[in-house]
Structures are given as C-alpha cells and as structure tokens.
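One structure is given here, and the rest of the page talks about it.
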Amino acid sequence: MILRAWAEFIPPGELIKPEVLYLLQRYRVNPCIAVSRDNLGEDYAKLMKNYRDAGLEPALWPTMSDEQGYWPNERNCEDFASYVKDIFKWADKEEVKIPWLAVDLEPPYYQHTEISSAEGLQKVGKIWHIFNSNRNRQRFNRAVETYRNLQDYIKMQGCQTIVPAIPLLEIDIMKGSVKLQDYLETPLSPVNWDVISFMQYNTVITGMSREFISPGDARWYLYLLCLNMKATLGKRAAVSVGLTSTGKLGNEPYYQYPEEMLPDIEAALAAGIQDIAIFSLEGILNASNPENWLEVVFGACPRIPPRSRKVEVIRRAAVLMYRLFPG
C-alpha cells in the first residue's frame, strides 16, 4: 500500500524535525505538502532533500491566493501553470528533485465562501447561480488544453501528478462526460493525470448531512465509489480519507480517534485501492500518540462494509438528476 498524508498548514521547519521525519520514515508515509507562491524557499529545498534521503516520495501541493481561488481550477489555470513552472525552475536552482506534484482541482475558494454565507433557500439559489455561471464549455475546453500542456511539462521534469477529486465526478467518469466537471470548474477526466485520489471524507459527509447519511452509509458509498473507479481507472485510482483535523474551510468535522477511521481504510482496501491518503497530517501529529493513527492504517485488512440501501437510492437519484441538468 502507498500511504500519503495531506499537510496543508504545517511549515517546512516542523516537517524536518528529526522526530517527525523518523515517524514518517518508519511508517513509509509520503506527505503532500502545501506551498503557496510567496513561501517557496530554502526550507522547502532542505525538506525535499531530507525526505529524499529518507527514501520517501513527498509531493509539493501548490496553492494560490484566496483571491485567485486558492485551488487550481478552470478560471485560474494559466496562473497556476505559471506557478508550477516557477516551482520547477526553483527546483533546478536548488538541485531538488520533485517526485510528485499535487494538482488539487476544486471550485474556487471564493465560491465556497459565497455559498457558506448564504442562509436557507438563498443557499440553494446561490449554488444554482454559481454553477450556472461556471457552465461555459468554451472556457472549459481552453482550461483542458492548458492542463494537458501542464501535465506534459510536469512529466518532462520526471515528476508525477496526484489529483484530488470531488467524489461527485464519479458520475462524469462513468458516463464518459464532462458535464459536472464544467459546472465545478475542475477539468479532471480529459487530462491524463497520473493518479486521481477521490476525496471521500466521511466525517464531512455525515456532518454536512446532519447524520442523515450515517457513518455506515458513508462507508458503503466509499466502497462503491472505490470499486467503480478501480474498475474504470485501474492503477490510477486512489482515495483520500478522513478527516483527522480541519482544512481550509475551518469548520469541517473530523475523527477524534484512529479507530473511527479504520473502517474507511478497510472499505478502500476491499475495493482494491492501494493508494490511500489521509487528510490530514496535522491531526496525526497533534495527537497525543501519533503512532496510533498509523498503526491502525497498517493493521487494516480488506473488509466490505455492510450494505446501505439508502445510499443506493441516493446514488440512483443522483444519476437521475444528472440527466436533467443541461450539458
């Protein structure tokens, strides 16, 4: 199993502490390390060299400013591509090898804040307005071309890409369409990314649904998602699970104990997924006993979760709604 951990807010100085490096080396955890354009410097070069010497393959995870959307997407693709090229120029200068680069395709951050600030039915209206304004196939196709060229460039640098993906995009991939990708401004399937890691964060799913979708329901969804994506994408299929702490949005529910996350790992393994990432490394390192989180992962055995008919109804309803949405 390839084990990764997303590290969104940990400074490089923290990650190169001997006790942190020893922990990750001991459990073969490859961190995916967020880096904003203003922060790339000598500390990151030292980090990459230390992790290389430890036999690990970390990923750099470029993020943009909040005003630019934070995550790469359809609208900021050219700025993001420019930033990535600057990263590799920096790597050449510092004599640093970048084995992996994370392209975290998500809708612009400012759209998340617009939606979260709306109340009641206004929230539904805001979502529809944003998604409708996002729907622009000509702009989407231009972004696809930009990301295809970027992927080619990254490969020429001897680097591979890992792309976190919104689970809803499973429908697009299964249908051979880009309808939802256009709505969400996330050009995923038209680009030959190396690894696609679906962000099935069950704490968020159960929390946002106010436990209408129970943890057991969410595990069955995770299993079906992984099963379909393994069959469709093969070795490129991966999954990100969690959460163990909050992320960019700041209010996400997360697991308190590693045993709560164990069934997610078991379900992914049962579906044949061998590339698993945990969000986030912050939650693991902040625990009183970080080793417990990693022992749970490596002690996991493939186990199919109990079936959820509720989830199967929801998935069928989602496909029906998908057909109704204009393409």
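The values are calculated or read from the model by the stated rules, or taken from the named source; none is laboratory data. A quick note: this is a predicted structure, and the numbers were derived from the prediction, not measured. FYI the Cβ positions are ideal-geometry reconstructions off the backbone, even for glycines, and counts take in every protein chain you see.
For residue 42, state whether it is out of contact with any strand residue (DSSP E or B) (no Cβ under 7 Å at 6 or more places or on another chain), farther than 30 Å from residue 143 by Cα and not small (Gly, Ala, Ser). Yes.
Of all the listed residues (185, 170), the sole one being among the charged types (D, E, K, R), touching a strand residue (DSSP E or B) at 6+ places or on another chain (Cβ under 9 Å) and crowded, with 18+ Cβ neighbours inside 10 Å is 170. Taking the criterion of being of a type in the set (Lys, Arg) and modelled with pLDDT under 95, the residues of the range 88-128 that qualify are 123, 126.
Anything in the range 157-216 that is touching a residue at least 40 places away in the same chain (Cβ under 8 Å), on the phi < 0 side of the Ramachandran plot and charged (D, E, K, R)? List them, or say none. Once the filter is applied, which keeps residues that are touching a residue at least 40 places away in the same chain (Cβ under 8 Å), on the phi < 0 side of the Ramachandran plot and charged (D, E, K, R), the range 157-216 yields 170, 175, 179, 182, 194. Of 291, 282, all but one fail to be at pLDDT 95 or above, over 22 Å from the mean Cα position of the chain (by Cα) and outside any loop (DSSP other than H, G, I, E, B); the exception is 291. Here residue 179 qualifies as in contact with a helix residue (DSSP H, G or I) (Cβ under 8 Å, 6 or more places away or on another chain), at pLDDT 95 or above and among the charged types (D, E, K, R). Of all the residues in the range 153-182, those that are in a helix (DSSP H, G or I) and within 13 Å of residue 88 (Cβ to Cβ) number 4. Looking at the range 152-164, which of the residues that are out of contact with any helix residue (DSSP H, G or I) (no Cβ under 9 Å at 6 or more places or on another chain) and crowded, with 16+ Cβ neighbours inside 10 Å is farthest from residue 96 (Cα to Cα)? Selected residue: 164.
In the range 219-261, the residue that is farthest from the chain's Cα centre (by Cα) out of those that are of a type in the set (A, V, I, L, M) and outside any helix (DSSP H, G or I) is 249. When the residues of the range 73-94 are filtered to those that are assigned to a loop (DSSP other than H, G, I, E, B) and in contact (Cβ under 8 Å) with a residue 40 or more places away in the chain, which remaining residue is farthest from residue 275 (Cα to Cα)? Ranking the candidates gives 75 first. Restricting 179, 175, 248 to those that are under 21 Å from residue 315 (Cα atoms), surrounded by fewer than 17 Cβ atoms within 10 Å (Cβ to Cβ) and among the basic types (Lys, Arg) reduces the list to 175. In the set (1) outside any helix (DSSP H, G or I); (2) under 21 Å from residue 190 (Cβ atoms), residue 70 fails one condition alone, (2).
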